[in-house]
1. Counting only residues that are modelled with pLDDT of 95 or more and among the polar types (S, T, N, Q), which one in the stretch 219-253 is farthest from the chain's Cα centre (by Cα)?
2. Exactly one condition in (1) at pLDDT 95 or above; (2) out of contact with any Pro (no Cβ under 6 Å at 6 or more places or on another chain); (3) surrounded by 17 or more Cβ atoms within 10 Å (Cβ to Cβ) is not met by L113; state its number.
3. What residue, of T80, T87, is loosely packed, with under 13 Cβ neighbours inside 10 Å and either in contact with a helix residue (DSSP H, G or I) (Cβ under 7 Å, 6 or more places away or on another chain) or over 25 Å from R183 (Cβ atoms) (or both)?
4. Counting residues that are closer than 23 Å to N250 by Cα and small (G, A, S), which strands (runs of 3 or more DSSP E) fully inside the stretch 21-92 reach at least 1?
5. Within the set of pairs 6+ apart or on separate chains, which have a first residue in the stretch 110-133 that is touching a residue at least 60 places away in the same chain (Cβ under 8 Å) and more than 27 Å from L65 (Cα to Cα), a second that is of a type in the set (D, E, K, R) and in a helix (DSSP H, G or I), and C-beta atoms under 7 Å apart?
Amino acid sequence: MCNLEFEDQTDFINLFKKNAITDALLQKGFALINPNDFSKIVNISLFELNKLKSYWHNLPLDPYLKDGGDYRFRRHASYTIQNKEITASPYRAHWQSLEHNQLNGGIQRWYDLPELSLTKSTSWQRILVEITQLINLLNSAPAKWFVEAHQFRIDTRSGIGRPTPEGIHRDGADYVVIILVDRVGIKGGESHIFNADGSICLAKTLSNSWTLLIIDDTRMLHETTPITSSSLIGYRDSLVITYRRSGFQNPNY
């Protein structure tokens, strides 16, 4: 269990400390990793990572927001990953129970796949594989992970954008990975992590592209606060990857 009172709000882990990531996840329930260390983990230069940002400029509008908002754009893909082998799953809907998403859960949500040139790229596949290897360092890693990758853009065209309109929540996964891809012309968007009893563990704005946050979704809850912009339309781009041991979430789960 973590305690915000004792947390340094610049609480990035020291990658050079042995077992730093696994220790953080086991002890605190999350690990926050700065962009330079993320670049080392995935073995991709920040220059090459920044080339991926263009794939967030053509995301379709999310048609499923029950609050009527027009601020969220997304694509979605599913994979199984075993060791370092990635297998793309047949096209499938994203589904969460109402227990995990009281606003938008309980229905099958069909999103466009990421652009093929992105998913075929070495950088995309390396990100998925190397983050999987990190998670596999934890105890009881399964032979196969069921993985969903979500490209998100939240913008301020209507004055306010809500990265997590469902509020404080769990995703219904074992681990949730949040990667900040870009942040342009906005205020807000602070990431919060909570213990199961609702006490807050982390309150931090991910300000720099390629900051990585890994959360133990079985123990912790999370949210990201709304964003606003004082002039032109601003936006926040992220890549969210969820890992489950026991298969994809589906209506029969």
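The values are calculated or read from the model by the stated rules, or taken from the named source; none is laboratory data. Because the structure is predicted, anything quoted here is derived from the model rather than measured. Using ideal geometry, Cβ is built from the backbone for each residue, glycine included, and neighbour counts are taken over all protein chains shown.
1. T228
2. (3)
3. Of T80, T87, the one residue that is loosely packed, with under 13 Cβ neighbours inside 10 Å and either in contact with a helix residue (DSSP H, G or I) (Cβ under 7 Å, 6 or more places away or on another chain) or over 25 Å from R183 (Cβ atoms) (or both) is T87.
4. Working: elements: 30-33, 72-82, 85-88.
In the stretch 21-92, the matching strands (runs of 3 or more DSSP E) lie at 72-82, 85-88.
5. Listed by first residue and then by second, the contacts come to S123/E48.
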